[in-house]
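J.: Next up is a structure, given as structure tokens.
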Amino acid sequence: MVVNFQDSEIVAGWEDILSKDKYRLMFADIVASYPEKRSIYVQYEDIDAYNSDLAMYFLDNPDRCLAKGRDMVKASLPPTWDQRDAVNLRITNLPRDAKVEVRHLRAKHLGKLISVEGLVRKATAVKPRMTQALFRCARCGAEIWEGQTGVLMKEPLMCSNLDGSCNKQATHFELDAKSSVYVDTQKVEVQESPEGLRGGAQPERMTGFVEDDIAGIITAGNRITVNGIVRSAEKPDRDKSTVFEMFMDILSIEFEQHEYDEIQITEEDELEIISMSRDPRLFDNIVASISPTIHGMNEVKGAIALQLFGGCNKEMDDGTMIRGDMHVLLVGDPGVAKSQILRYMSTLSPRGIYASGKSASAAGLTAAAVKDEFGDGRWTLEAGALVLADKGLACIDELDKMTSQDRSSLHEAMESQRISVAKAGITATLQCRCSMLAAANPKYGRFEMGTSITNQIDLPPALMSRFDLIFVLTDKPNAKSDRDITAHILNVHRRGEARQIGEDAPLIAGIDIGKIKEETQNVKPVYERETLRKYVAYSKRMVPIMTAEAMGIIEENYLRIRAMGAGENDSVPITARQLEAFVRLSEASARMRLSRTVDADDATCAVNLVEYYLGKILAPDGGQWDIDNISSNFAKKDRDELKVILNIIRDFGSPEGISEEEIITHALSEGLSEEKTRKRLKMMIGDVTLYKPRDGLYKEVA
Ligand code: ADP
Ligand code: MG
């Protein structure tokens, strides 16, 4: 039932609420520290405690109630204090039923007080907006104040000076911009949190306006709850239209207090989490809960599982930060389920974001200051995927297709986990404390065997070295794995069909639905998504410390792998970056067990993973490890082959060039097989070291 309230009842309510001790203190504080503090924050629950019907009425009629409230605020301040008009009344902590998702905003919300949760996608620079314009009559000089609400300046219709010389006939007024009254404003765009999204839906956005003391406290990438009144505005630059845009007059902003606030963990959950952590099959169970419809790839899934838990962020005595977040790169042939895994992880990870390297938004992967119609010509800071994934997981598909601007800013983002934007008066540092799970395709479409793998990945070496783990996924026909994957994919589809057919559907001859479900159990995650999310969120409370044994294992293995490159091979096999990867991985392994210490097993787990990936990437044809594979574009062996061919072309080539057959003959005598030489020549044409002046002839590009 809707209860209607008289003005006097609303006033009485405010009087009662604002006379509470805590608000009296707030008033005194404002008078003492004005202008730093100039807002009274009223908790919604105080209104509710006074009268819950009034509190409900408030949500439906905020303008009326707030107007009365502002009068009461003014009356509660000392009458001698001349800034009484400048104090704002703000309401915070709206109840759960006042929460509306951006995608559910409808006409019925117009004029209502609601709260919206989300991520700040864009925020403009703070600019003054005129609220009271002072005009002077051009004839008699009388002062006329004109209240301003919209974007267009409203001029007085006539001179209000009754006995002025202009006789109210004046039509010309001069604006006194200096003496007019302004308020700081900021326009923001709030995007619904990815947590609320189901099934890859496009996130919806809402525009809001922030004024006065709360303007400028939000930047792109913040996770906030905004409380405010929904309004409508005619679309600008249109003929008079009956279709309006919605926006929010933001009354107050609440920042999330804790990480993973969006995941509630009850005491019951905690008990379940602790019992899960004691299961000896914990690691396998978690791996089996990651993209179970994808067959195999257990090393990749294990690595991603560890990434989900992450190492510990550390602040050192001198203030330097060491990141604990891990970055994982999957490079592989098309159709090996890279995108599938990324999409799955973005929904599994708390604060996961899925984006493609070739995304259309101006902010791209990092952030940008842009001048677009959103800011009405003002500069706007727009957050990209990595900023939106702050304290979460950024799943970036097709990383090799990213823009050149992203290429240059990604180094900083990945290593220092910050992005600085300095453009046109906007200087901001945005946080992107996220892990990155990226996927890329080989440069030539597919991996070609026989040449170094890094040579076939179109990513700058410096960027590659930022990844803790790089997995190479090749799609070679193989009788056994082909059969397994085929069976698995068919089972996935069969189970899907069985799930679609309801429990009480008529029986089908020769088909036993129950048996099918039974036989395809392995396609079901061991832990439900929600359970795993809670587990991960809970584990972040753990900060495990390395035991002496764990340190010993890491040290020994790091030095062993590093020593493999010494001697006749002059390249450095492994760098200190990999040492840090060892540490992060073993911390994550300990965290996964909710352990307070990093034990020998955790260290071994990390060593095995690093060895697995190094083995695949650095020695695809069983040769020796060579980290130069990553840190420069060519492995040492490749460089040597390259030199041999170039020398042949230089020594034996005529001004017209040299034929392929001749190169092969010379190369054979240098110990290079015909197949290798042909492949190498093809690649050298590809990266424009060589060109073909005539068919069959090769020449070096000068
Ligand atoms: P990519 O991004 O690597 O090009 P996709 O993620 O788009 O590949 O995967 C292509 C399709 O192949 C998906 O439908 C995926 O389910 C299927 N697929 C590929 N490998 C596997 C696998 N090992 N197990 C199950 N399905 C697979
Ligand atoms: Mg893909």
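J.: Quick one: how many Å² of residue 207 are accessible to a 1.4 Å probe, rounded to 10?
T.: 30 Å²
J.: Using the Karplus equation 6.51 cos²θ - 1.76 cosθ + 1.60 (θ = phi - 60°), what ³J(HN,Hα) coupling, rounded to whole Hz, does each residue of the range 470-486 give in order, writing x for Gly and Pro?
T.: Whole-Hz 3J(HN,Hα) from phi for the range 470-486: 10, 9, 9, 10, 9, 10, 9, x, 8, 3, 5, 5, 4, 5, 4, 5, 4.
J.: Let me ask you something else. Residues of the range 7-93: accessible area per residue at 1.4 Å, in Å²? Before the final figure, lay out the partial values.
T.: Values: 4460 Å² over 87 residues.
For the range 7-93, the solvent-accessible area averages 51 Å² per residue.
J.: What does the charge add up to near residue 335, with Lys and Arg as +1, Asp and Glu as -1, over the other residues with Cβ less than 11 Å from its Cβ? List each step's numbers first, then the result.
T.: Working: positive: 338, 446; negative: 333, 475.
Taking every Cβ under 11 Å from that of residue 335, the sum is 0.
J.: Also: Of the accessible area of the range 636-700, with the probe set at 1.4 angstrom, what percent is carbon plus sulfur?
T.: Numbers: 1890 of 3780 Å².
Carbon plus sulfur share of accessible area: 50 percent.
J.: What residues qualify as long-range amide H neighbours of residue 690, i.e. H under 5 Å apart, gap of 5 or more or another chain, H built at 1.01 Å from N?
T.: 685, 701
J.: Pull out the extension gain between residue 691 and residue 446, defined as 0.36 nm times the separation in residues minus the alpha carbon to alpha carbon distance; nm, one decimal. If you can, show how the numbers build up before the last one.
T.: Numbers: separation 245, 0.36 × 245 = 88.20 nm, distance 2.28 nm.
Net length gain for the segment: 85.9 nm.
J.: Could you please state, rounded to a whole Å, how far the C-alpha centre of the range 655-669 is from the C-alpha centre of the range 89-149?
T.: Rounded to whole Å, the Cα centres lie 76 Å apart.
J.: Report, please, the projected area of the range 636-700 averaged over directions, based on the convex hull of its C-alpha atoms, in nm².
T.: Details: hull surface 15.5 nm².
Projected over every direction and averaged, the Cα hull of the range 636-700 covers 3.9 nm².
J.: On C-alpha positions alone, give me the angle between the axis of helix 21-33 and the longest principal axis of the chain, in degrees, nearest 10.
T.: Around 90 degrees separate the two axes.
J.: Oh, and also: Could you calculate the contour length gain from residue 74 to residue 61, that is, 0.36 nm times the residue separation minus the distance between their Cα atoms, to one decimal place in nm? Could you put the intermediate results ahead of the total?
T.: Values: separation 13, 0.36 × 13 = 4.68 nm, distance 2.05 nm.
Value of the extension gain: 2.6 nm.
J.: If you don't mind, there's one more thing I want to ask. At 222 nm, what value in deg cm²/dmol follows for the chain if DSSP H runs of at least 4 each add -39500 (n - 2.57) and the sum is divided by all its residues, to the nearest 500? All intermediate terms of the calculation are to be shown ahead of the outcome.
T.: Working: 22 runs with 253 residues, N = 702.
Helices in the chain give a 222 nm mean residue ellipticity of -11000 deg cm²/dmol.
J.: Relative to the longest principal axis of the chain, what angle (0 to 90°, nearest 10) does the C-alpha long axis of helix 338-348 take?
T.: In the chain, helix 338-348 runs at an angle near 40 degrees to the longest axis.
J.: What are the residues whose amide H is under 5 Å from the amide H of residue 598, where those residues sit 5 or more places off or on another chain and H is modelled from the backbone?
T.: Those qualifying (amide H under 5 Å, at least 5 residues apart or on another chain) are 545, 546, 547.
J.: A follow-up question, please. Alpha carbon centre of the range 19-43 versus the range 393-425: separation in Å?
T.: For the range 19-43 versus the range 393-425, the Cα centre distance is 42 Å.
J.: So which lysines pass the test for residue 643, namely a Cα distance under 16 Å, with those fewer than 8 places away in the same chain ruled out?
T.: The qualifying lysines are 676, 679, 682, 699.
J.: Within straight cross-link reach of residue 178, meaning Cα distance under 20 Å, which lysines are found once same-chain residues fewer than 8 apart are removed?
T.: By straight Cα distance, residue 178 reaches 127, 154.
J.: What part of the accessible area of the range 271-475, given as a whole %, is carbon or sulfur when the probe is 1.4 angstrom? Could you put the intermediate results ahead of the total?
T.: On the way: 3650 of 7270 Å².
For the range 271-475, the apolar C and S fraction of the accessible surface comes to 50 percent.
J.: Show me the ranking of peptides 363-369, 538-544 by mean Cβ neighbours inside 10 Å, starting with the highest.
T.: Details: 363-369: 25.1, 538-544: 17.4.
Ranking, from highest mean packing down: 363-369, 538-544.
J.: In addition: Residue 464 accessible area, nearest 10 Å², 1.4 Å probe?
T.: Using a 1.4 Å probe on the heavy atoms, I get roughly 10 Å².
J.: Here is a follow-up. Could I get the Rg over Rh figure for the range 244-339? Both from C-alpha atoms, Rh via Kirkwood, rounded to two places. Don't skip to the answer; put the middle values down first.
T.: Details: Rg = 19.7 Å, Rh = 17.9 Å.
With Rg and the Kirkwood Rh in hand, the quotient comes to 1.10.
J.: Distance check, please: which entries in 314/338; 68/99; 443/616; 301/517; 99/122; 99/187 exceed 28 angstrom between their Cα atoms? It would help to have the intermediate numbers written out before the result.
T.: Values: 314/338 31 Å; 68/99 24 Å; 443/616 18 Å; 301/517 24 Å; 99/122 21 Å; 99/187 21 Å.
Table pairs above 28 Å Cα-Cα are 314/338.
J.: Just subtract the alpha-carbon distance of residue 494 and residue 652 from 0.36 nm times their residue separation and send over the number in nm, one decimal.
T.: Details: separation 158, 0.36 × 158 = 56.88 nm, distance 6.29 nm.
Value of the extension gain: 50.6 nm.
J.: Also, I was wondering about something else. What residues qualify as long-range amide H neighbours of residue 222, i.e. H under 5 Å apart, gap of 5 or more or another chain, H built at 1.01 Å from N?
T.: Those lying under 5 Å, H to H, from residue 222 are 120.
J.: What accessible area per residue, rounded to a whole number of Å², is obtained for the range 271-475 using a probe radius of 1.4 Å?
T.: On the way: 7270 Å² over 205 residues.
Roughly 35 Å² per residue, with all protein chains present.
J.: Largest first, what is the accessible-area ranking of 187, 108, 314, 358 with a 1.4 Å probe?
T.: Working: 187 20, 108 150, 314 60, 358 125 Å².
Result of the area sort, largest leading: 108, 358, 314, 187.
J.: For residue 480, give me every one of the lysines with a C-alpha distance below 19 angstrom, ignoring sequence neighbours fewer than eight places off in its own chain.
T.: Correct list for residue 480: empty, as no lysines qualify.
J.: Taking the 0 to 90 degree range and rounding to the nearest ten, how far is the long axis of helix 548-563 tilted relative to the main principal axis of the chain, both from C-alpha atoms?
T.: For helix 548-563, the angle is close to 50 degrees.
J.: Let me ask something else. Using θ = phi - 60° and the Karplus form 6.51 cos²θ - 1.76 cosθ + 1.60, what ³J(HN,Hα) does each residue of the range 61-70 get, whole Hz, x for Gly and Pro?
T.: Those phi angles translate into 10, x, 4, 5, 5, 5, 4, 5, x, 5 Hz.
J.: Shifting gears a bit: Give, in whole angstrom and from largest to smallest, the semi-axes √(5λ) of the equivalent ellipsoid of the chain, with λ running over the eigenvalues of the Cα gyration tensor.
T.: Details: eigenvalues 704, 235, 125 Å².
Sorted largest first and rounded, they come to 59, 34, 25 Å.
J.: Pop out the ³J(HN,Hα) list for the range 96-110 in order, Karplus 6.51 cos²θ - 1.76 cosθ + 1.60 with θ = phi - 60°, rounded to Hz; leave Gly and Pro as x.
T.: 4, 6, 8, 6, 10, 7, 3, 5, 9, 5, 9, 4, 5, 7, 4
J.: Let me ask you something else. Sorted by accessible area (1.4 Å probe), largest first, how do 101, 254 line up? Intermediate values should be presented prior to the final figure.
T.: Working: 101 85, 254 45 Å².
Listed by decreasing accessible area, they come as 101, 254.
The values are calculated or read from the model by the stated rules, or taken from the named source; none is laboratory data. Please read all numbers here as calculations on a predicted model, not as lab measurements. Every residue, glycine among them, receives a Cβ derived from its backbone with ideal geometry; neighbour counts consider all protein chains shown. The accessibility values were calculated without ligands, DNA or RNA, using every heavy atom of the protein model including side chains. Shrake-Rupley method; radii C 1.70, N 1.55, O 1.52, S 1.80 Å.
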